[in-house]
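> Just dropping this structure here.
The values are calculated or read from the model by the stated rules, or taken from the named source; none is laboratory data. Here the structure is a predicted model, which is why all the values come from computation and not from measurement. Here the Cβ positions follow ideal geometry from the backbone for every residue, glycine too, while neighbour counts run over all protein chains shown. Ligands, DNA and RNA are excluded from the accessible area calculation, which covers all protein heavy atoms including side chains. Shrake-Rupley method; radii C 1.70, N 1.55, O 1.52, S 1.80 Å.
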Amino acid sequence: MIKVLVVEDDARLVRALKINLEARKFEVESASDGHTALRLAAARKPSVILLDLGLPDMDGIDVIKGVRETSGVPVLVLSARHTSEEKIRALDAGADDYVTKPFSMEELLARLRAAVRRREAPAPADEIATVTTEDFTVDLVAKKVVRNDRSVRLTPTEWHLLEILITHPGRLMSQQRLLLDVWGPTYSDNTNYLRVYMAQLRRKLEADPSHPRYLITEPGMGYRFEG
């Protein structure tokens with residue numbers, strides 16, 4: 001059963017989410033503040049977290065950062081903050097998606113299912129099991145990245161984006177193709193998502209993120225991986 005941790009201090013919204021999620025066979029647990037959320041995330045190991053940013057004891061951005069210290073669990077932000085700057089802050093901290101309040105339950109459920117699918121996606125075919133560069137190694141079967149003899153922690157969305165690029169070496173992948181494959185058809189115009197996640201991948205993998213050797217941008221067109 002898919003376990004969902006709802007982090008929200010609005011009791012009515014928590015109740016609505018719980019009713020709708022449990023009706024669809026999700027297991028639901030809730031936290032009304034950030035500290036409880038971090039404790040439950042560590043102890044219960046949920047499949048996905050739905051997180052409000054406006055919590056009574058701490059900013060939701062700090063909750064994301066705390067979760068990301070130990071886990072790659074998908075985090076979907078639910079927030080009334082709707083500016084691009086707020087969205088980028090959340091994505092940069094490690095969120096996998098951002099849903100602006102008010103939202104439809106069907107939209108939320110679609111995004112939640114997509115996040116779970118990204119995490120549980122099967123490994124690629126065995127003929128491309130490992131990709132090795134001078135700076136890092138990617139094990140596509142184990143879904144692990146090693147750089148300088150140390151494991152690199154990637155979020156599910158970061159992993160999915162990297163996986164698409166490295167399994168098509170040298171091929172230009174259009175922005176629209178990446179947005180469709182990683183986030184789904186409703187994100188065809190959200191090119192800022194790609195910029196944020198590519199910047200995060202470069203910080204984690206490139207020796208000089210400002211002059212990338214492997215994760216190349218083709219301005220106005222898309223991205224490609226050069227091995």
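> Please list the non-local residues whose amide H lies under 5 Å from the amide H of residue 77, H modeled 1.01 Å from N, same-chain partners needing a gap of 5 or more.
51, 96, 97, 98, 99
> Still on this structure: How much accessible area per residue does segment 1-83 have, in Å², with a 1.4 Å probe? The partial results should precede the final answer.
Working: 3940 Å² over 83 residues.
Computed with neighbouring chains in place, this is 47 Å² per residue.
> Would you calculate the convex hull of the Cα atoms in the chain and tell me its volume per residue in Å³?
Values: hull volume 28.8 nm³, N = 227.
Here the figure is 127 Å³ per residue.
> On to the next question. Across bins of 10 angstrom width beginning at 0, how are the C-alpha pair distances of segment 1-133 distributed, in whole percent?
12, 44, 31, 9, 3, 0
> Further, regarding this structure: Could I have the simple spin-label model distance between residue 167 and residue 180, label points 7 Å from Cα toward Cβ, reported in nm to one decimal?
About 1.6 nm, to one decimal.
> In square angstrom, what is the accessible area per residue of segment 141-227 with a 1.4 angstrom probe? Before the final figure, lay out the partial values.
Details: 4260 Å² over 87 residues.
The answer is 49 Å² per residue.
> What pairs from 45/143; 25/143; 45/101; 3/204; 25/101; 45/204 go past 22 Å between their alpha carbons?
Details: 45/143 19 Å; 25/143 28 Å; 45/101 26 Å; 3/204 29 Å; 25/101 24 Å; 45/204 24 Å.
The answer is 25/143; 45/101; 3/204; 25/101; 45/204.
> What 222 nm value per residue comes from the helices of the chain, counting each DSSP H run with n ≥ 4 as -39,500 (n - 2.57) and dividing by all residues, nearest 500 deg cm²/dmol? Mind dumping the intermediate values first?
Working: 8 runs with 93 residues, N = 227.
After summing the helix terms and dividing by residue count, I get -12500 deg cm²/dmol.
> Hey, another quick one. Please report, as a whole percent, how much of the solvent-accessible surface of segment 147-221 comes from carbon and sulfur atoms (probe radius 1.4 Å). Walk me through the numbers on the way to the answer.
Values: 1810 of 3700 Å².
It is 49 percent, rounded to a whole number.
> Still on this model: What base-10 log of the normalised intensity I(q)/I(0) is obtained for segment 133-220 from the Debye formula, alpha carbons as equal point scatterers, at q = 0.13, 0.22 Å⁻¹?
-0.41, -1.19
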